[in-house]
Amino acid sequence: MWSCSLVDCFSCDGGVNYKMVRQSRKLSEMLLSASVNHFMMETTGVGSTLITSCGALHEIELNGETIVVDNTHAVAWTTGVTFEPRVLWAEIGAGFIYEFSGTGKVLVQSNCRVTPTTSK
């Protein structure tokens, strides 16, 4: 089973089931972390799933380690990997990161997702 953010899960075979799930967070945490995805997709079954990414996809194998990934670079992770969104405070402001730990795979993208803007 894979989990991925809503913007990354695009399509899947008939043998793959998916559902949207909400992260188990307190309301106060959800309000403070406005730019972190509060909903994600979970897949089960056998078959292919098409996901989107910005740039190249890199697979990281975890064997009990913990890694920290910028929230705009995280794409998907397997069952057995614990996912925890965090706020990282620095002198220049706040940023959002995902902490992954456990045993399994994490897919990260080489470029970050950007929000389209219009120029004047």
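For each of 72, 52, count neighbouring Cβ atoms within 10 Å of the residue's Cβ, then give the residues from fewest to most. The partial results should precede the final answer.
Details: 72 19, 52 14.
So the residues, fewest neighbours to most, are 52, 72.
I need the phi-derived Karplus couplings for the stretch 60-75: 6.51 cos²θ - 1.76 cosθ + 1.60, θ = phi - 60°, integer Hz, Gly and Pro marked x.
Those phi angles translate into 10, 8, 9, 10, x, 7, 10, 10, 10, 10, 4, 4, 7, 9, 6, 10 Hz.
Which peptide among 100-107, 59-66 comes first, and what is the full order, when sorted by highest mean count of other Cβ atoms within 10 Å? Intermediate results must be reported in sequence, preceding the final value.
Values: 100-107: 18.1, 59-66: 11.2.
My ranking of the peptides, most packed first, is 100-107, 59-66.
With a 10 Å Cβ neighbour count serving as the proxy for reagent exposure, in which order, fewest first, do 77, 89 appear? Intermediate values should be presented prior to the final figure.
Values: 77 25, 89 9.
Ascending number of Cβ neighbours within 10 Å: 89, 77.
Less than 12 Å Cβ to Cβ from residue 45, Lys/Arg counted +1 and Asp/Glu -1: what total charge do the surrounding residues give?
Values: positive: 19; negative: 13, 42.
So the environment of residue 45 carries a net charge of -1.
Round to the nearest 0.05 the FRET efficiency obtained for residue 48 and residue 87 when R0 = 41 Å and r is the Cβ-Cβ distance. Mind dumping the intermediate values first?
Working: r = 35 Å, r/R0 = 0.85.
The calculated FRET efficiency here is 0.75.
For the stretch 40-48, in order, what is each residue's ³J(HN,Hα) by Karplus, 6.51 cos²θ - 1.76 cosθ + 1.60 with θ = phi - 60°, in whole Hz (x at glycine and Pro)?
9, 9, 10, 10, 9, x, 10, x, 9
Within 10 Å of each residue's Cβ, count the other Cβ atoms and sort 20, 41 from fewest upward.
Values: 20 10, 41 21.
Fewest-to-most ranking of 20, 41: 20, 41.
Laboratory data are not the source of any read-out in this text; all were calculated from the coordinates shown. Bear in mind that the values here come from a model prediction, so they are computed numbers and not experimental data. Neighbour counts run over all protein chains shown; Cβ positions are idealised from the backbone, glycine included.
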